[in-house]
Amino acid sequence: KIRLNLQWNAALKQKPSDIREEILRELEEKNNTPFNRIKNSTEYTPLDWKEASEMLTSGTIDIGSHTHTHSILTRCLPAQKREELMTSKQLIEKNTGIPCDLFCYPNGEEGDFDEETNKLLKEMGFSCALTTLQGFNDCSSNIYTLKRIGISNQDDKIQFVMKLYGVISFLSRIKQKITSIIQCANGDE
C-alpha cells in the first residue's frame, strides 16, 4: 500500500493541476468516498497565524510562500500560476502583517520551475526562491533557483559542520572519481 501510494503520488505530481483534480474526483466517485485533501484538512496546519506572526516578529524566523494549493507551477496555465503565487503571498501578508518575499517551489525538483516562473516571481516582488536540489550557491547562482544543503535531525554536530562546509560533498566527488578510475582500469566502462 505504501509503495503504491508513493507511486500514485509521484505520478499525480507530474500532471497539470486541473487534470490531477479531475483524476482525484473520479477516484472519489468510483470509490464512493472523499479523500482527506490537504486544503480541506486542519491536520496539516502546524501553526496558526498568531504563532506564525510571533515567529516572524522575533526576527529569527522567516516564512515564505509555497503556492496556494501546493501546485507545481510548471504544470499550471499562466493565469493559474499567477493566482497560485499571488494568493499564497497575499494570505501570508494579510494574516501576519509582514511582507512575504521568500518562495519555495513545491516539490522543487528539476522540471518544477522554469525561466517563466523566475520572471513572475521577480515581477511579484519575491527576493529569491528555493528548490530542493542539493548543493551550494555562490555569487553566480540564480537567486530564483537556489539549492540547499540537506540537514537531517539524525546528523550529529560533526556531520552538520561537514555538510555545511562542503566536506561531505567534496568526499563524495572524490569517491566518484576513484570509482570511475577503477572501472576504467578494469575495463568496466
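The values are calculated or read from the model by the stated rules, or taken from the named source; none is laboratory data. What you are looking at is a predicted structure, and each value in this text was computed from that prediction instead of being measured. Cβ placement follows ideal geometry from the backbone for every residue including glycine, while neighbour counts extend to all protein chains displayed. The protein model used for the area step is the full one, side chains on, heavy atoms only, and it has no ligands, DNA or RNA in it. Shrake-Rupley method; radii C 1.70, N 1.55, O 1.52, S 1.80 Å.
Note on the range 92-107 and the range 125-159: Cα centroid distance 18 Å, given to the nearest whole angstrom. Sorted on the mean count of surrounding Cβ atoms within 10 Å across their residues, most packed first, peptides 94-106, 151-163 read 94-106, 151-163.
The solvent-accessible area of CYS76, taken with every protein chain present and a 1.4 Å probe, is close to 20 Å². Ordered from highest to lowest accessible area with the whole protein assembly present and a 1.4 Å probe, PHE35, PHE113 read as PHE35, PHE113. Taking label positions 7 Å along the Cα-Cβ direction at both LEU6 and GLN134, the computed distance is 1.5 nm, reported to one decimal.
Each residue was assigned an accessible area with a 1.4 Å probe, and for SER140 the value is about 100 Å².
Roughly speaking, what is the stretch gain from GLU83 to CYS184, that is 0.36 nm per residue apart minus the C-alpha to C-alpha distance, in nm to one decimal?
Values: separation 101, 0.36 × 101 = 36.36 nm, distance 5.21 nm.
That pair, GLU83 and CYS184, stretches by 31.2 nm at full extension.
Of GLU22, GLU110, which has the most accessible area and how do the rest follow, probe 1.4 Å? Write out the running numbers ahead of the final one.
Numbers: GLU22 95, GLU110 135 Å².
From most accessible down to least: GLU110, GLU22.
Taking the convex hull of the alpha carbon atoms in the chain, what volume per residue do you get, in Å³?
On the way: hull volume 38.5 nm³, N = 189.
Dividing the Cα hull volume of the chain by its residues yields 204 Å³.
Our estimate of slack between ILE158 and ASP18, defined as 0.36 nm per intervening residue step minus the Cα-Cα distance, is 45.8 nm.
Below 8 Å between Cα atoms, with a sequence gap of 6+, how large is the relative contact order for the range 87-189 in percent? Intermediate values should be presented prior to the final figure.
Details: 91 pairs, mean separation 17.1, N = 103.
With pairs under 8 Å counted, the relative contact order is 17 percent.
Placing a label point 7 Å from the Cα of ILE61 along the Cα-to-Cβ direction, the residues of the range 96-115 whose backbone N falls under 15 Å of that point are 96-98.
Return the carbon/sulfur percentage of the accessible area of the chain, one whole number, probe 1.4 Å, all protein chains in place. Could the numbers behind the result be given before it?
On the way: 7510 of 13440 Å².
Carbon and sulfur: 56 percent of the exposed surface of the chain.
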